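See structure below.
Readers should treat all values here as calculations from the given coordinates under stated rules, not as data from a laboratory. Remember, it's a predicted structure, so these values are computed and weren't measured experimentally.
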Amino acid sequence: MGANVVNGSADRQRRGRSGRRRGRYSSMSEINVTPFVDVMLVLLIIFMVSAPLLTVGVPVQLPETAAEALPVDDEEPLTVTLTASRQIMIQESDTPPGELIGKLQAILAERVSDRVYLRADGSLPYEYVMQVMGALNAGGFRNIGLVTDTGGPSLEEEDG
């Protein structure tokens, strides 16, 4: 039995220019991006569907106005809600009025933004809402946004 002798030029032709062997099971050096894009699109759809479900869920009858919505920050917005029974809720946790300023100061120490959204039931007296706004200011939150439902009457519509 004889030994196989490989011609040098034939071996170079099989290997190609890069010097690698062209074989049946050679490794692929390109990255296939299609599965990555598929996963990203699925995640995008999941986040688009679940984002509206993450809003604060304290039921309140908000007054309606014709005002435009405020721009959204990168940080999760802090929401203070005043219910018709005068409960004060920070996000979804009930807060006694005496502890409101202390809790707000502790929350502000951990946040980047001093923006807070105030949701107040439309049946509450103006004086009570202003007292809570004063407590928000005393707690360090100077940027207060009042939350209302859109589609309500504007000032021009009431003049007629």
Explain nothing, just compute: Karplus ³J(HN,Hα) = 6.51 cos²θ - 1.76 cosθ + 1.60, θ = phi - 60°, for every residue of region 111-122 in order, whole Hz, x for Gly and Pro. 10, 8, 9, 9, 7, 9, 9, 9, 10, 10, 4, x
Amide H of Gly145 versus every other amide H placed in the peptide plane: which residues, excluding those fewer than 5 positions away on the same chain, fall under 5 Å? Val116, Tyr117, Leu118
Counting only C-alpha contacts under 8 Å and six or more residues apart, can you give the relative contact order of region 59-155 as a whole percent? 41 percent
